[in-house]
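Okay, so here's the structure we're looking at.
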Amino acid sequence: MSMEANATFLNRLEERLSDKLTVANMADVSSAISDILYDFTLTINPKDRPDGPDDLMDAYLSALKVQGRSPKTIERYRYVIGRLMKSVNVSTRQVTVYHLRKYLSEEKENGMQDSTLEGLRQVFSAYFNWLQRENLISQNPTANLGAIKCQKKLKKTYSQADIEKLKEMCNNVRDKAIVCFLLNTGCRINEVVQLDRDAVDIQNMECEVLGKGDKWRTVYFDDVTAMFLRQYFESRNDDNPALFVSRKTKKRIAAGGIRNMLKKIGDLAEVEKVHPHKFRRTLATDLSAHGMPIQEVANILGHEKIDTTMKYVVLNKNAVKTSYNKYR
């Protein structure tokens, strides 16, 4: 046991001093300390062992549950952190910035995109920041782990012509209602499939939605969407409380069912990359272009942070040019 402890001690020493000493000096320091340790018996604190379940990760995931984070988010954090810990093969308390940089470097060499690497870094940062705030670790290995620069891609929105094409390719009133509802409300796909009919107030053209973090918000729609919803409700002969149901089984429609439907009409309409999230981006961009304050746009989309909403807004180059010529 003492040999294992001595080796662990020397490894930690090298990690701490590797950026401060030359290779030759490091070898001399390690050799000297190794000679001194020969006369001592060290043991490893059980909490620092890499084997067995990682109680710190479990504690963090439990905290996320208490905070109301979605099951999908928690499962993603479990996967990302678990994969890291399996790779570095040390306990959470032993992880250093060098472990993280090595791990991210290897993932990059394996072909992982910078944007994905940045997503991993953000998960690591959230995890170790929480551990430090809770006084579960003495040093935060992500403190000096800078953000990974990513090439920003210009994300597109649906044009008015695209919307009209999609509507034309819908061969039933349910699909038209779904397209218009997504466009008007900016709801997430999982929010839509969980909605019940009684949550929709057609007369006042609004709807109560339960979003991320179990937070309710009100979304709105126009008279065209109200018309399609009314026609859809009148056409149904089932007693399912769901807002939208499968045309064949009459069961609550799944997110995959809506995605498949949108892809199908998108192919028929020859509109590129038709998917639910693009409707949210289109709504955010249109509302912002028409002068709605960004705080109110964030409220419609269910965002806690305005920075998140800004990522959804696609600036119209012509509008920016007009404003530039106006104020220069």
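Arrange the peptides 247-257, 75-85 so that the one whose residues have, on average, the most other Cβ atoms within 10 Å appears first.
Descending mean neighbour count gives 75-85, 247-257.
Please sort by residue number the GluC sites (Glu not before Pro) in the stretch 205-290 whose DSSP state is loop and whose Cβ has at most 14 other Cβ atoms within 10 Å.
Glu270, Glu272
Compute the distance in nm between two label points, each set 7 Å from the Cα along the Cα-to-Cβ direction, one at His290 and one at Glu109.
About 5.3 nm, to one decimal.
Tell me the net charge near Met112. Cut-off is 11 Å between Cβ atoms, Met112 excluded, with +1 for each Lys or Arg and -1 for each Asp or Glu.
-4
At Lys311 and Lys102, where each label point lies 7 Å from the Cα along Cα→Cβ, what is the point-to-point distance in nanometres?
Each label point lies 7 Å from its Cα, and together they span 3.0 nm.
Which order do peptides 283-290, 161-168 fall in by mean Cβ count within 10 Å, highest first?
283-290, 161-168
For Arg133 paired with Lys263, estimate the spin-label separation in nm (one decimal), with each label point 7 Å from Cα along the Cα-to-Cβ line.
Distance between label points: 3.8 nm.
Take the alpha-carbon positions of the stretch 55-133, form their convex hull, and give its projected area averaged over all directions (one quarter of the hull surface) in nm².
Averaged projected area of the stretch 55-133's Cα convex hull equals 5.2 nm².
Can you compute the charge dipole magnitude of the stretch 199-323 about its Cα centre, using +1 on each Lys and Arg Cβ and -1 on each Asp and Glu Cβ, nothing else charged? Give it in debye, rounded to the nearest 20.
In debye, rounded to 20, the stretch 199-323 gives about 660.
Where a number appears in this text, it was derived from the coordinates with a stated rule and is not lab data. Keep in mind that this is a model prediction, so the values were computed, not measured. A quick note on method: Cβ atoms are made from the backbone with ideal geometry, for glycine too, and the neighbour counts reach across all protein chains shown.
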